[in-house]
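Working notes, beginning with the structure itself.
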Amino acid sequence: MCGIVAAVADRNIVSVLIEGLRKLEYRGYDSAGLALVNESGLLRLRAVGRVAELAAQVEATAAAGNSGIAHTRWATHGAPCERNAHPHVSGGLAVVHNGIIENHEALRAELTAAGYVFTSDTDTEVVAHLIAHELKTGADFFDAVRAAISRVQGAYALAVLREAEPERIVVAREGSPLLLGVSEGADGAIDGYFAGSDASALLQVTRRMVCLENGDCAEITRSGYRITRVDGTPVERPVFESQLSADAIELGQYRHYMQKEIFEQPAALSATLEMLEGARSVQPGLFGANAEAIFADVNRVLIIACGTSYHAGLVARYWLEAIAGVPCVVEIASEYRYRESVANPHTLVVTISQSGETADTLAALQHAKNLGMAHSLAICNAPESSLVRETALRFITRAGPEIGVASTKAFTTQLAALYLLTLALATRLGRLDAVREANALQALRHLPAAVARVLELEPEIKAWAERFSDKQHALFLGRGRHYPIALEGALKLKEISYIHAEGYPAGELKHGPLALVDRNMPVVAVAPNDTLLEKLKSNLQEVRARGGELYVFADADSEISESEGVHILRLPEHYGSLSPLLHVVPLQLLSYHVALVRGTDVDKPRNLAKSVTVE
C-alpha cells in the first residue's frame with residue numbers, strides 16, 4: 001500500500017530517492033518523506049500530499065546525502081498529516097515501513113513505560129523505538145534490527161538508516177515486498193546498492209535485482225550486501241535481471257495512466273497470447289512443467305482473488321463449468337480463510353492478482369495449502385512476485401506495468417489466461433473436440449483486433465459520460481457470464497468518479513433494486529446477443545416502466561431498438577464465450593470519461609491504493 005526506496009552510493013542519491021518515489025506514488029499518495037545522513041547529521045523532510053510537495057522541500061533546502069531512505073504513504077494507522085508521515089525517528093535513526101504491526105499497542109505501552117515518547121499515531125513508530133532500545137544495549141546495528149523485528153507481529157517491509165553509521169542501511173521483509181538493486185557504473189564498477197518496494201523504483205539505476213523472501217533481513221553498503229534470516233542464519237538469494245522496461249512506466253502521449261492502459265489492451269492481449277501463434281492445441285505446459293500431472297489429478301477448481309481479480313474469477317466459473325465441465329467455486333480472498341470450508345485434495349487452487357503481492361490472496365493461498373490442497377496456480381502480471389513463487393504452477397499475464405489504481409488491462413489479460421486454463425482442462429477431460437478447440441484458438445488470436453475495434457467507440461462513450469456527470473447513483477445489469485462484467489463496470493465507476501454504483505444480475509432487479517429506479521438513476525445494461533438476451537429485454541422493460549433511463553451496450557445483431565430513454569451503443573461484433581472481454585472495455589471507457597467530466601483524480605482515487613499489501 002505504501003512505497004519504499006533506499007540507497008547507499010558514492011554520490012548524492014537524493015534524486016534517486018525522489019524519482020523512485022514518483023514511480024511508486026501509485027502505491028500511496030497521502031504523504032511522503034525522506035531521511036538522509038550527510039555532514040550535518042540526520043536530516044528528515046516530510047510533506048503531506050504528493051511527492052511533488054516533498055520534491056519542493058528538497059529543492060528549497062538543497063538537501064543532499066550519499067545514503068538515505070524515502071517513503072510514500074497510504075494511511076492505515078493515523079490520519080494523513082505530517083506527524084504521521086514516514087520516516088519515523090528515534091535515537092539517531094530513521095525508519096520507513098510498509099505493512100501493519102499487529103501488536104503495536106502492546107509494544108507502545110511497553111516502550112512508553114520505558115520512557116520513550118511517541119510523536120505519531122502510527123504503528124511504525126514502535127519499530128523505531130524498539131531498534132533504538134536494542135542499540136542502547138550495545139548491539140550492532142544489523143543485530144539490533146533483527147532483534148527488534150523478532151518481537152514484531154504482522155506484515156512489514158522496513159528500511160532503517162542510522163546517523164552514526166551512514167554507510168549502512170538495514171532492510172527487512174515479512175509479508176510486504178522488498179527488492180535489492182545492484183547498480184553498475186559506466187566502467188562496470190559497482191555504483192551503489194539500493195532497495196525498493198518494486199522494480200519500477202529501481203529501473204532508473206539498475207535492472208539487476210534480488211528478491212528478498214519473507215523472514216529475510218539484509219544490509220546494504222556502498223560496496224556490497226549481505227542477507228540473513230531473522231535468526232542470523234546467512235542465506236543467498238539469486239540476482240535476476242528485471243524484464244520491465246523503463247519506457248513502459250512512462251505516461252507518453254496519454255493524459256492519464258488509466259487511459260494509456262485501456263488503449264494498451266490489444267497489445268497486452270497479443271503479448272499474453274503470443275504462444276498461441278501457430279499452435280493447434282492448448283498444452284498444459286503453458287501453466288508449468290508439472291501442469292499435465294497436476295491437471296490429471298484435478299476434479300474441482302477453487303478460485304481465490306480480491307476486487308477486479310475476483311470478478312475475473314466469477315467469469316471463469318461460467319467457462320470452467322460450461323466448457324470444461326469442472327465444478328468451480330470462487331472465493332473472496334479476504335473472507336475465505338475466516339470460515340470453515342470443506343477441503344478436497346483434488347482441487348486446483350487458482351489465485352489471481354495483478355501485483356502478486358495482495359496480502360489477503362497470499363494468506364488465503366497458504367490457508368488452502370494448510371487444508372491439504374497442494375495443487376496451486378497463480379495467474380499474475382508480476383513474474384518476480386511472492387504469489388508466483390508460492391504456487392506450483394503459474395501463468396504470467398504479459399500486460400506490462402499497470403500504474404492506474406483502477407485495473408483495466410490486467411483484468412482482460414487475466415480473463416484471457418483463465419479462458420486458456422478452461423480450454424486446457426476441457427481438452428484433458430475430452431470435453432473439447434478438435435474443431436471446437438481450433439475455433440476457440442482462432443477466436444483468441446483475433447481477440448486483440450476485436451478489442452481494438454471496440455476502442456473506436458470512444459467518441460460515442462464520451463457523449464454518454466456527459467449525461468452521467470451530475471448523477472449520484474447508477475445501476476449496472478448483466479446476465480450469465482456478463483453479470484460479473486456488470487459488477488466490474490460498477491466497480492470502475494465508483495472507484496474513479498465517486499458515483500455510487502452497484503452491479504446486479506438482471507433477474508434480481510425485481511427483488512429489490514427496482515425500488516431505487518427513477519429518472520435520476522441511470523441503468524447500464526450489458527446486452528450481448530446470447531441465449532439470455534430475451535430475458536434481459538424483459539428486465540429492461542421493467543426499468544422503462546418505472547421511468548428509468550437505460551444505457552445499453554449491445555452486440556451489432558442484438559434486436560434492441562433505441563427510443564426515448566433507451567440509449568444503445570452497439571459493439572462491432574458478437575464474440576460468443578469471449579464476449580465478456582469485449583463488453584468490459586466500453587464500461588472502462590465510460591468510467592474514465594465520467595471521471596474526467598467530474599474532475600476527479602483518475603489515476604489516484606481518494607482512499608485507494610494500487611497494491612493492497614495489508615489486510
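Annotations
- Residues that are hydrophobic (A, V, I, L, M, F, W, C) and out of contact with any Asp or Glu (no Cβ under 8 Å at 6 or more places or on another chain) were ranked within the stretch 544-565; the one that is surrounded by the fewest Cβ atoms within 10 Å (Cβ to Cβ) is Ala545.
- With respect to the stated conditions, Phe142 is within 32 Å of the chain's Cα centre (by Cα), in the same structural domain as Val210 (by TED's automatic domain parsing) and among the aromatic types (Phe, Trp, Tyr).
- Of everything listed in (1) modelled with pLDDT of 90 or more; (2) outside any strand (DSSP E or B); (3) more than 20 Å from Glu456 (Cβ to Cβ); (4) not small (Gly, Ala, Ser), the single unmet condition for Tyr504 is (2).
- Criterion: in contact with an Asp or Glu (Cβ under 9 Å, 6 or more places away or on another chain) and closer than 23 Å to Glu174 by Cβ - qualifying residue of Ala268, Ala333: Ala333
- Strands (runs of 3 or more DSSP E) completely within the stretch 314-397 that count 1 or more residues being crowded, with 24+ Cβ neighbours inside 10 Å and of a type in the set (Val, Ile, Thr): 347-353, 376-380
- Exactly one residue out of Arg226, Arg173 is over 28 Å from the mean Cα position of the chain (by Cα) and either assigned to a loop (DSSP other than H, G, I, E, B) or basic (Lys, Arg) (or both), and it is Arg226.
- Close Cβ contacts (under 9 Å, 6 or more residues apart or on different chains) running from residues in the stretch 544-566 that are on the phi > 0 side of the Ramachandran plot to residues that are buried (at least 20 other Cβ atoms within 10 Å of the Cβ) and among the hydrophobic types (A, V, I, L, M, F, W, C) comprise Gly547/Val517; Gly565/Val543; Gly565/Leu550.
- The residue that is surrounded by the fewest Cβ atoms within 10 Å (Cβ to Cβ), counting only those in the stretch 214-257 that are touching a Phe, Trp or Tyr at 6+ places or on another chain (Cβ under 9 Å) and of a type in the set (S, T, N, Q), is Ser223.
Okay, residues lined up against (1) within 25 Å of Tyr483 (Cα to Cα); (2) in contact (Cβ under 8 Å) with a residue 12 or more places away in the chain; (3) in contact with a helix residue (DSSP H, G or I) (Cβ under 9 Å, 6 or more places away or on another chain); (4) among the small types (Gly, Ala, Ser):
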{"site": "Gly307", "(1), (2), (3), (4)": "yes, yes, yes, yes"}
{"site": "Ala312", "(1), (2), (3), (4)": "yes, yes, yes, yes"}
{"site": "His346", "(1), (2), (3), (4)": "no, yes, no, no"}
{"site": "Ser353", "(1), (2), (3), (4)": "yes, yes, yes, yes"}
{"site": "Leu362", "(1), (2), (3), (4)": "no, yes, yes, no"}
{"site": "Leu387", "(1), (2), (3), (4)": "no, yes, yes, no"}
{"site": "Leu393", "(1), (2), (3), (4)": "no, yes, yes, no"}
{"site": "Ser407", "(1), (2), (3), (4)": "yes, yes, yes, yes"}
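- Subset of the stretch 487-524 (residues that are out of contact with any helix residue (DSSP H, G or I) (no Cβ under 8 Å at 6 or more places or on another chain) and either of a type in the set (Gly, Ala, Ser) or closer than 30 Å to Leu320 by Cβ (or both)): Ala490, Lys494, Glu508, His511, Gly512, Pro513, Ala515
- Count of the stretch 543-580 residues which are hydrophobic (A, V, I, L, M, F, W, C) and more than 19 Å from Ala506 (Cα to Cα): 3
- Just so you know, in the stretch 10-30 the residues that are among the small types (Gly, Ala, Ser) and within 22 Å of Arg173 (Cα to Cα) include one that is modelled with the highest pLDDT, and it is Gly20.
- Number of the exception - Val282 against (1) within 27 Å of the chain's Cα centre (by Cα); (2) crowded, with 21+ Cβ neighbours inside 10 Å: (1)
- Spans of strands (runs of 3 or more DSSP E) in the stretch 513-615 with at least 3 residues of a type in the set (A, V, I, L, M, F, W, C) and under 31 Å from the mean Cα position of the chain (by Cα): 522-527, 549-555
- First in the stretch 501-516 and under 13 Å from Arg544 (Cα atoms), second anywhere and not β-branched (Val, Ile, Thr), Cβ under 6 Å, 6 or more apart: Leu509/Asn539; Leu509/Glu542
- Residue match in the stretch 588-598 (condition: in contact with an Asp or Glu (Cβ under 7 Å, 6 or more places away or on another chain), surrounded by 22 or more Cβ atoms within 10 Å (Cβ to Cβ) and in contact (Cβ under 8 Å) with a residue 60 or more places away in the chain): yes
- Glu402 vs. criteria in contact with an Asp or Glu (Cβ under 8 Å, 6 or more places away or on another chain) and assigned by TED's automatic domain parsing to the domain that holds His375: yes
- Residues of the stretch 266-316 that turn out to be of a type in the set (A, V, I, L, M) and within 19 Å of Ala443 (Cα to Cα), as a count: 13
- Residues in the stretch 451-465 that are among the aliphatic types (A, V, I, L, M) and either touching a strand residue (DSSP E or B) at 6+ places or on another chain (Cβ under 9 Å) or within 14 Å of Leu596 (Cβ to Cβ) (or both): Val454, Leu457, Ile461, Ala463, Ala465.
- Pairs linking a residue in the stretch 6-27 that is crowded, with 24+ Cβ neighbours inside 10 Å to a residue that is part of a helix (DSSP H, G or I) and polar (S, T, N, Q), with Cβ atoms under 6 Å and 6 or more positions apart or on different chains, are Lys23/Ser200.
- Residue in the stretch 474-489 that is in a helix (DSSP H, G or I) and of a type in the set (Phe, Trp, Tyr) present: yes
- In the stretch 428-462, residue nearest to His567 (Cα to Cα) [restricted to those that are of a type in the set (Val, Ile, Thr) and under 33 Å from the mean Cα position of the chain (by Cα)]: Ile461
- For Arg46: the one exception among (1) basic (Lys, Arg); (2) surrounded by 21 or more Cβ atoms within 10 Å (Cβ to Cβ); (3) within 25 Å of the chain's Cα centre (by Cα): (3)
The values are calculated or read from the model by the stated rules, or taken from the named source; none is laboratory data. As the structure is a prediction and not an experimental result, all values here were calculated from the model. With ideal geometry, Cβ positions are generated from the backbone for all residues, glycine too; neighbour counts draw on all protein chains shown.
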